[in-house]
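Visitor: To start, I am sharing the structure in question, which I have written as structure tokens.
The values are calculated or read from the model by the stated rules, or taken from the named source; none is laboratory data. Because the structure is a prediction, the values reported are computed rather than measured. Cβ sites come from the backbone with ideal geometry, for glycine too, and all protein chains shown count toward neighbours.
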Amino acid sequence: MLVIREICGWNVWKVLYSRGVKMVTLDIKNMDVVYKRPETLIDINTHYCPGCTHGIAHRLVAEVIDEMGLSDTTIGVASVGCSVFAYNYFNFDFVEASHGRAPAMATGIKRVRPDRIVFTYQGDGDMISIGTGEIVAAAGRGENITVIFLNNANYGMTGGQMAPTTLPDMKTTSSPHGRDVKKMGYPIRASELLSTLQGASYIVRRSMHNAKNIRMAKKAIRLAFETQVRGLGFSMVELLSTCPTNWHLSPSDAAKWLEENMIPYYPIGDYKVHPLLKDIKI
Amino acid sequence: MTREFWKGNNAFAEAAVRAGLQAYFGYPITPQTEALEYMSNRMPELGRAFLQAESELGAINMVYGAACTGARVMTSTSSPGTSLMMEGLSYIAGTEVPMLLVDVVRGGPGLGNIAPSQGDYNQMVHGGGHGDYHPIVLAPASVQETVDTVYNMFDIAEKYLTIGVVMIDGSIGQMMEPAEIPPMLEVRKDIPDWAVRGGKGKDRRVLTSIYLAPEEMERTNLRMMKRWQQIERDEVRYKEYFMDGAKLAVIGYGSSGRVALSAVREARSQGIPVGLIRPISLSPFPKQLIREVAEQVDSILVVEMNSGMMLEDVLSAAQGKTHVEFYGRMGGLIPFPDEILKEIERISKGAQKDAGHPRDLWLERMESIVQ
């Protein structure tokens, strides 16, 4: 029973238990636990929509924090958007920034507590629309913080409006006939933009549309935190993410849509890697 | 301690340093910039945090982050910068973390100018940021008073987990006066219980201003209002001059209060029974005092460097118990003592009561003054 509870979490276990799932314990008595909830991920249901990749990103961050033993030195900065309640899911200190200002808030924390690990968790509307000034300034300063940046090409929380990252011709609630680049301009590629700044040490783009890419994303998150631990300056991982609800697609179709439409516009890759990070093997 | 010649902006910066300031974040804006420049040298020299932010938005949110760690933190700016900081101030208020802002006020609205003004009264005292919150706003009238106010403001802000604002007119930031800077306090080593520090599990702390359930938000609003009630009871500050037997009370704060004192002194020497009340705490406003004064005097003259923003608070406190008049200069102008003396003489000769709103009557008189 304990094994199942470890694997699926207390809430799911309660449901299974109430439905009479008890006998399986006999069958897996002597098996090792190979996959379980990270310690720093709180055992509650999230508010995210089915198929949304925020849950995956949360888990990857929590796994990295656990593996690096940083859970009692980390302060997270949540932003405004779907991940506004991110602090409910991580079992360590968190603050909640105003819209777009998470990098400035993280800067304030890091400057008075330089021995702590400080990261922001931001979406595309937050980071590269309203918060463009703050993210560019923080990266330019080489602020020793880590940014986890989820790009799902729309404003999820407010119901799917056009973001700076919305693809050309993509329909949203505020570009109902598709994003006309002549009138609404072109998408901003944040990783490419930030990688031009000398202060940035680790800028990469990954995706979360399949298992292979999720594994690559985790390695990148690990390297981003390693950048900060080593005091090498600003690090950011852009994670291409799905938004099945606002894209009006099933979770699996959303993953496919991401692969076919977002990756060509937002290529996965390492945009800037500090030389001292190149030798790190994860 | 010795008295030294200090420029206002440098003096309040050093006073904050002496009070155990751990971090300063700011952005250049006249007439406040000397404070930023001073800190850029002084803070690193002491191994403390200094950063010139990308904007006032950046600066106030850096302050917000540092305040969440329980550090003594401040920023300073001038009116247009204060407008930009309003968003951050509302969040800081809603998160219930202490900080200090020094606002060196200049002429406005818009880009306005860089001359001294009191046009930030409404945006500072009556909010400006969204939602229900009240910052403590103190308005000193000299370099020495600014030094002492800044030096003590951290303790007050931390006591009530609130925003402490020291609002000075551009003139006080720019002028040089002899001042005594208090002794250097040690930087606090401990972390307050409520502050984030990097804790997990049971030691985990979350600081936020979001309360999605209206009932929970209201509980927070009420908690803050309870604290505000205590502030209104215990933190009212003002100075009285020549109020014994006064038939006319002049009310002014900061530079206009200081200029008014010269006028009141002159009027007293002419035998006019006039006194001065100089509120130092604009928020909490000395309502009780003004109510009592309104019952004793024949008239009140409010003097400001704006169009009568504190006037509304005086009218509300006086509750129609006495005749109220107003005299103000705007646009970055400081009234001369002679101008205020003329007003005192006019009112003491017997002003026409109930002739209209004090602001309307002042605007009529201004027509001849500005020509």
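Visitor: Within the stretch B:54-65, restricting attention to residues that are at the interface with another protein chain (Cβ under 7 Å from one of its Cβ atoms) and buried (at least 22 other Cβ atoms within 10 Å of the Cβ), which residue is farthest from residue B:86 (Cα to Cα)?
Guide: B:65
Visitor: Further question: Limited to the stretch B:18-53, what total is found for residues that are free of Cβ contacts under 8 Å to residues at least 40 places away in the same chain, surrounded by 23 or more Cβ atoms within 10 Å (Cβ to Cβ) and more than 11 Å from chain A (Cβ to nearest Cβ)?
Guide: Adding up the residues that qualify gives 1.
Visitor: Of the numbered conditions (1) within 14 Å of chain A (Cβ to nearest Cβ); (2) farther than 29 Å from residue A:99 by Cα, residue B:199 fails exactly one; give the number of that condition.
Guide: Just one mismatch for residue B:199, condition (2).
Visitor: Of all residues being farther than 14 Å from residue B:316 by Cα and free of Cβ contacts under 8 Å to residues at least 60 places away in the same chain in the stretch B:279-300, which is surrounded by the fewest Cβ atoms within 10 Å (Cβ to Cβ)? Just the residue, please.
Guide: B:296
Visitor: Give B:18, B:42, B:3, B:106 a once-over and let me know the one that is within 29 Å of residue B:307 (Cα to Cα) and of a type in the set (Lys, Arg).
Guide: None of the others qualify; the one that does is B:106.
Visitor: Tell me which residues, restricted to the stretch B:202-218, are surrounded by 12 or more Cβ atoms within 10 Å (Cβ to Cβ) and more than 8 Å from chain A (Cβ to nearest Cβ).
Guide: B:211, B:217, B:218
Visitor: While we're here: Cβ-Cβ below 6 Å, separation at least six or inter-chain, first residue in the stretch B:353-365 and in contact (Cβ under 8 Å) with a residue 24 or more places away in the chain and not assigned by TED's automatic domain parsing to the domain that holds residue B:307, second in a loop (DSSP other than H, G, I, E, B) and surrounded by 15 or more Cβ atoms within 10 Å (Cβ to Cβ): which pairs?
Guide: Listed by first residue and then by second, the contacts come to nothing, as the list is empty.
Visitor: List the pairs whose first member sits in the stretch B:148-175 and is assigned by TED's automatic domain parsing to the domain that holds residue B:61 and touching a residue at least 40 places away in the same chain (Cβ under 8 Å), whose second member is of a type in the set (D, E, K, R) and part of a loop (DSSP other than H, G, I, E, B), and whose Cβ atoms are under 7 Å apart, counting only residues at least 6 apart or on separate chains?
Guide: From the stretch B:148-175, the pairs are B:154/B:72; B:156/B:235; B:161/B:96; B:167/B:120.
Visitor: Restricting to the stretch B:66-90, count the residues that are among the hydroxyl-bearing types (Ser, Thr, Tyr) and surrounded by fewer than 24 Cβ atoms within 10 Å (Cβ to Cβ).
Guide: Adding up the residues that qualify gives 2.
Visitor: Let me ask something additional. Out of all the residues in the stretch B:169-178, which are touching a strand residue (DSSP E or B) at 6+ places or on another chain (Cβ under 7 Å), buried (at least 24 other Cβ atoms within 10 Å of the Cβ) and closer than 19 Å to residue B:4 by Cβ?
Guide: B:173
Visitor: Here's a check for you: in the stretch A:41-80, which residue that is more than 15 Å from the chain's Cα centre (by Cα) and among the hydroxyl-bearing types (Ser, Thr, Tyr) is farthest from residue A:103 (Cα to Cα)?
Guide: Checked the stretch A:41-80; the qualifying residue farthest from residue A:103 (Cα to Cα) is A:71.
Residues checked against (1) within 25 Å of residue A:179 (Cβ to Cβ); (2) acidic (Asp, Glu); (3) in contact (Cβ under 8 Å) with a residue 60 or more places away in the chain; (4) not assigned by TED's automatic domain parsing to the domain that holds residue A:192:
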| site | (1), (2), (3), (4) |
| --- | --- |
| A:227 | no, no, yes, no |
| A:242 | yes, no, yes, no |
| A:260 | yes, yes, no, no |
| A:268 | yes, no, yes, no |
| A:273 | no, no, yes, no |
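Visitor: Only strands (runs of 3 or more DSSP E) wholly contained in the stretch B:218-336 count here; list those with 2 or more residues that are under 22 Å from residue B:146 (Cβ atoms) and hydroxyl-bearing (Ser, Thr, Tyr).
Guide: Qualifying strands (runs of 3 or more DSSP E): B:238-241, B:281-283.
Visitor: Which ones in the stretch B:260-277 are in contact with a helix residue (DSSP H, G or I) (Cβ under 6 Å, 6 or more places away or on another chain), in contact (Cβ under 8 Å) with a residue 40 or more places away in the chain and crowded, with 23+ Cβ neighbours inside 10 Å?
Guide: Once the filter is applied, which keeps residues that are in contact with a helix residue (DSSP H, G or I) (Cβ under 6 Å, 6 or more places away or on another chain), in contact (Cβ under 8 Å) with a residue 40 or more places away in the chain and crowded, with 23+ Cβ neighbours inside 10 Å, the stretch B:260-277 yields B:260, B:263, B:267, B:274.
Visitor: Can you pull out every residue in the stretch A:238-282 that is under 17 Å from the mean Cα position of the chain (by Cα) and either modelled with pLDDT under 95 or among the aromatic types (Phe, Trp, Tyr) (or both)?
Guide: Matches in the stretch A:238-282: A:266 only.
Visitor: Oh, and also: Return the residue satisfying two criteria in turn: it lies in the stretch B:76-94 and is closer than 29 Å to residue B:216 by Cβ and of a type in the set (Gly, Ala, Ser), and of such residues it is nearest to the other protein chains (Cβ to nearest Cβ).
Guide: B:88
Visitor: Related question: So which of A:235, A:207 is buried (at least 24 other Cβ atoms within 10 Å of the Cβ), under 14 Å from the mean Cα position of the chain (by Cα) and more than 15 Å from residue A:119 (Cβ to Cβ)?
Guide: Of A:235, A:207, the one residue that is buried (at least 24 other Cβ atoms within 10 Å of the Cβ), under 14 Å from the mean Cα position of the chain (by Cα) and more than 15 Å from residue A:119 (Cβ to Cβ) is A:207.
Visitor: Here's something else I'd like to know. Do we find that residue A:166 is assigned to a loop (DSSP other than H, G, I, E, B) and of a type in the set (Val, Ile, Thr) in this structure?
Guide: In short, yes.
Residue-wise test of (1) hydrophobic (A, V, I, L, M, F, W, C); (2) under 14 Å from the mean Cα position of the chain (by Cα).
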{"residue": "B:40", "(1), (2)": "no, no"}
{"residue": "B:82", "(1), (2)": "no, yes"}
{"residue": "B:96", "(1), (2)": "no, no"}
{"residue": "B:139", "(1), (2)": "yes, yes"}
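Visitor: A follow-up question, please. If we keep just the residues of the stretch A:86-125 that are in contact (Cβ under 8 Å) with a residue 60 or more places away in the chain and either within 16 Å of residue A:58 (Cα to Cα) or surrounded by 24 or more Cβ atoms within 10 Å (Cβ to Cβ) (or both), which is nearest to the other protein chains (Cβ to nearest Cβ)?
Guide: Restricting to residues being in contact (Cβ under 8 Å) with a residue 60 or more places away in the chain and either within 16 Å of residue A:58 (Cα to Cα) or surrounded by 24 or more Cβ atoms within 10 Å (Cβ to Cβ) (or both), the top hit is A:118.
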